[in-house]
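The values are calculated or read from the model by the stated rules, or taken from the named source; none is laboratory data. Treat the numbers as computed from the prediction; the structure is a model and nothing was measured. For neighbour counting, all protein chains shown are included, and Cβ atoms are generated from backbone atoms with ideal geometry for every residue, glycine included.
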């Protein structure tokens with residue numbers, strides 16, 4: 001690990017004076033490399049959600065079926081969740097420079113392939129490649145932020161990666177909706193090419209954090225890789241497709257669940273038995289890292305869950321198109337953007353646990369307001385909840401990053417970074433599975449309950465029916481039949497809105513519980529002014 005008074009390799013050549021305090025100097029070459037890596041991570045995370053608001057356009061363009069088009073997103077997620085924990089091992093073997101530059105180049109080329117897809121099969125394959133390669137960029141940025149910079153600069157770099165990790169999936173629908181409306185769905189992928197080329201060139205020329213350890217290739221655990229791929233890939237499939245396929249009433253879901261369980265047993269066995277495991281799980285022996293990963297899991301539920309549920313409400317209830325949905329949701333992105341520097345400043349002044357508690361309280365307040373959702377809520381009604389959500393997310397993410405990774409030794413940083421990012425993605429997958437299932441089951445329950453109250457003996461229901469019948473007769477329609485259909489639609493819509501309220505209440509309870517969870521964390525030590533960041537060797 002580099003000391004505070006010596007500089008090695010290209011860093012010395014860059015003009016840094018020997019003996020300059022590390023806390024007062026950030027190597028310009030490393031800064032350039034870091035910001036290029038941040039841009040690469042932004043593209044990789046953005047592409048998880050960039051297609052979410054534009055799936056109908058892609059479906060029409062490729063002539064895909066309604067049961068096939070969700071795989072444009074699912075294939076990316078399954079592939080990415082396998083690569084994220086693997087990236088730490090690959091980074092040790094071939095170095096951060098080779099891994100990141102290759103990942104950026106591969107991501108750029110696979111993005112171009114996605115834009116040229118002519119059928120759904122090609123798109124699914126290209127998206128899987130894109131997700132797998134892109135997943136290699138995400139943990140490397142977290143590892144770099146906590147190893148190459150002095151601890152005294154952590155309040156500067158941590159808000160940057162926290163902002164990107166939360167902002168990218170939040171504004172994904174906005175960016176995707178704009179591109180598909182203004183141009184075509186092809187630009188959802190073509191937009192990655194110019195920045196991808198820049199990231200590839202800059203990271204290849206400027207990253208100098210570590211050296212390859214090619215000798216480790218002889219110890220590479222291929223069985224561990226295969227078992228991890230089966231474990232995480234099958235798990236992601238079960239979580240993504242379970243609700244659609246009625247969970248364990250579907251044979252494929254059952255077999256994937258069995259495969260995931262078997263893969264998990266083999267993976268964990270080898271992780272603790274082989275000399276060079278595919279993923280170093282010893283990071284969880286660090287109490288703050290384990291708790292930080294748990295909080296990251298919960299933040300994944302909130303981050304991806306709300307990025308999903310808002311568009312569902314705006315599309316199904318309000319009838320918004322992808323661009324209108326994106327414009328409405330952009331409020332959260334702005335709130336995150338303006339909160340990031342504040343979170344960085346406050347994290348250097350206050351106990352991180354207090355900031356996390358305030359962030360969780362803000363998030364819970366936003367979701368609690370949403371429990372009063374009605375069919376008439378529009379941009380202005382959603383404004384305050386979205387601001388509270390964006391503010392809360394950023395105020396939580398920066399302390400969580402510092403608590404989880406700030407005390408890890410450089411030798412374990414890459415593996416720990418992969419695990420930390422994996423927990424956020426798995427939290428999102430679990431959260432979406434729970435939310436989808438809850439929306440379906442609660443909507444059915446509310447529908448049957450409301451239906452039982454809508455009968456000919458109910459004066460309010462009868463008045464509503466008579467009013468709609470009169471309006472339909474005046475319009476020259478089949479009055480009674482049309483009125484009955486309208487009443488059914490009203491009941492279905494109200495049941496759906498009530499199920500949204502149930503989901504928001506569940507999230508409110510979850511994040512209130514997290515406020516009390518912050519009390520379990522050991523008080524993090526403040527960064528020492530003269531502490532240097534490690535080189536990651």
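For the range 161-174, state whether one or more residues are outside any helix (DSSP H, G or I) and assigned by TED's automatic domain parsing to the domain that holds residue 323. No, that holds for no residue. Modelled with pLDDT of 80 or more, assigned to a helix (DSSP H, G or I) and touching a helix residue (DSSP H, G or I) at 6+ places or on another chain (Cβ under 7 Å): is that true of residue 157 in this structure? No; evaluated as a whole, the condition is false for this residue.
Flag set for residue 333, criterion: modelled with pLDDT under 85, buried (at least 19 other Cβ atoms within 10 Å of the Cβ), under 23 Å from residue 317 (Cβ atoms) and within 21 Å of the chain's Cα centre (by Cα). Taken as a whole, the range 278-287 holds at least one residue that is surrounded by fewer than 15 Cβ atoms within 10 Å (Cβ to Cβ), farther than 27 Å from residue 326 by Cβ and free of Cβ contacts under 8 Å to residues at least 40 places away in the same chain.
When the range 212-225 is limited to residues that are assigned to a helix (DSSP H, G or I) and touching a helix residue (DSSP H, G or I) at 6+ places or on another chain (Cβ under 8 Å), the one that is nearest to residue 97 (Cα to Cα) turns out to be 214.
Please find, among 408, 465, 394, the residue that is in a helix (DSSP H, G or I) and at pLDDT below 80.
Working: 408 fails: in a helix (DSSP H, G or I); 394 fails: at pLDDT below 80.
Matching residue, one of 408, 465, 394: 465.
Could you check the range 118-140 and list, in sequence order, the residues that are free of Cβ contacts under 8 Å to residues at least 24 places away in the same chain and buried (at least 23 other Cβ atoms within 10 Å of the Cβ)?
Initially, the range 118-140 is screened for residues free of Cβ contacts under 8 Å to residues at least 24 places away in the same chain, giving 121-122, 126.
Within the range 118-140, 126 is the sole residue that qualifies.
Looking only at the range 59-73, residues that are within 22 Å of the chain's Cα centre (by Cα) and part of a helix (DSSP H, G or I) come to 3 in all. Any residue at all in the range 193-216 that is out of contact with any strand residue (DSSP E or B) (no Cβ under 6 Å at 6 or more places or on another chain) and within 30 Å of residue 514 (Cα to Cα)? No, there is no match, as no residue in the range 193-216 is out of contact with any strand residue (DSSP E or B) (no Cβ under 6 Å at 6 or more places or on another chain) and within 30 Å of residue 514 (Cα to Cα).
Restricting 242, 300, 292 to those that are surrounded by 14 or more Cβ atoms within 10 Å (Cβ to Cβ) and over 25 Å from residue 405 (Cβ atoms) reduces the list to 242.
Within the range 217-225, the presence of a residue that is exposed (fewer than 15 other Cβ atoms within 10 Å of the Cβ), out of contact with any strand residue (DSSP E or B) (no Cβ under 7 Å at 6 or more places or on another chain) and within 30 Å of residue 309 (Cβ to Cβ) is excluded.
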